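Visitor: Dropping the structure in here first, questions after.
The values are calculated or read from the model by the stated rules, or taken from the named source; none is laboratory data. Every value quoted in this text rests on a predicted model; they were computed, and no experiment measured them. Virtual Cβ from ideal backbone geometry, glycine too; neighbours counted across all protein chains shown.
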């Protein structure tokens, strides 16, 4: 008579491979959203140059708009002088708000403060707001 063949080791190996494969698939499905959340935001495919009428920005006021798929802001600190900045806080990427009375930006997430030039005045932001190129053509402000 022949002896029965012991297939337990082969079955365990097969089950280990199958369970390992399923575990790898589940881990990658769960890790992908976390990776996308933590990875830097890519610059959008929006317009390379944005045209804004001068009349939209009052002296001492701010006009928020979208530049390359990201929020940006145009300021007119003095008559005829325009400054454009990214409206994304350099700390965790929240959108800053313009406080006209104080003439500065405030990040609502962690209390970061920026000057009208984009310099850090206080809070956790590690660097100033990104400055955007501004030019004037007739009654239009060109950003980009």
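Visitor: Run residue 61 past the list (1) surrounded by fewer than 20 Cβ atoms within 10 Å (Cβ to Cβ); (2) more than 19 Å from residue 126 (Cβ to Cβ); (3) touching a residue at least 40 places away in the same chain (Cβ under 8 Å) and report the number of the one that doesn't hold.
Guide: Evaluating residue 61 over (1) surrounded by fewer than 20 Cβ atoms within 10 Å (Cβ to Cβ); (2) more than 19 Å from residue 126 (Cβ to Cβ); (3) touching a residue at least 40 places away in the same chain (Cβ under 8 Å) leaves (3) as the failure.
Visitor: Take the range 117-144 and flag every residue that is at pLDDT below 90, within 21 Å of residue 57 (Cβ to Cβ) and part of a loop (DSSP other than H, G, I, E, B).
Guide: The answer is 138, 139, 144.
Visitor: Moving on to the next point. Could you tell me whether the range 119-139 includes any residue that is in contact with a helix residue (DSSP H, G or I) (Cβ under 7 Å, 6 or more places away or on another chain) and on the phi < 0 side of the Ramachandran plot?
Guide: The answer is yes, given that some residue of the range 119-139 is in contact with a helix residue (DSSP H, G or I) (Cβ under 7 Å, 6 or more places away or on another chain) and on the phi < 0 side of the Ramachandran plot.
Visitor: Go through the range 96-116 and give me each residue that's in a loop (DSSP other than H, G, I, E, B) and either touching a helix residue (DSSP H, G or I) at 6+ places or on another chain (Cβ under 9 Å) or exposed (fewer than 14 other Cβ atoms within 10 Å of the Cβ) (or both).
Guide: Across the range 96-116, the qualifying residues are 100, 101, 102, 103, 108, 110, 111.
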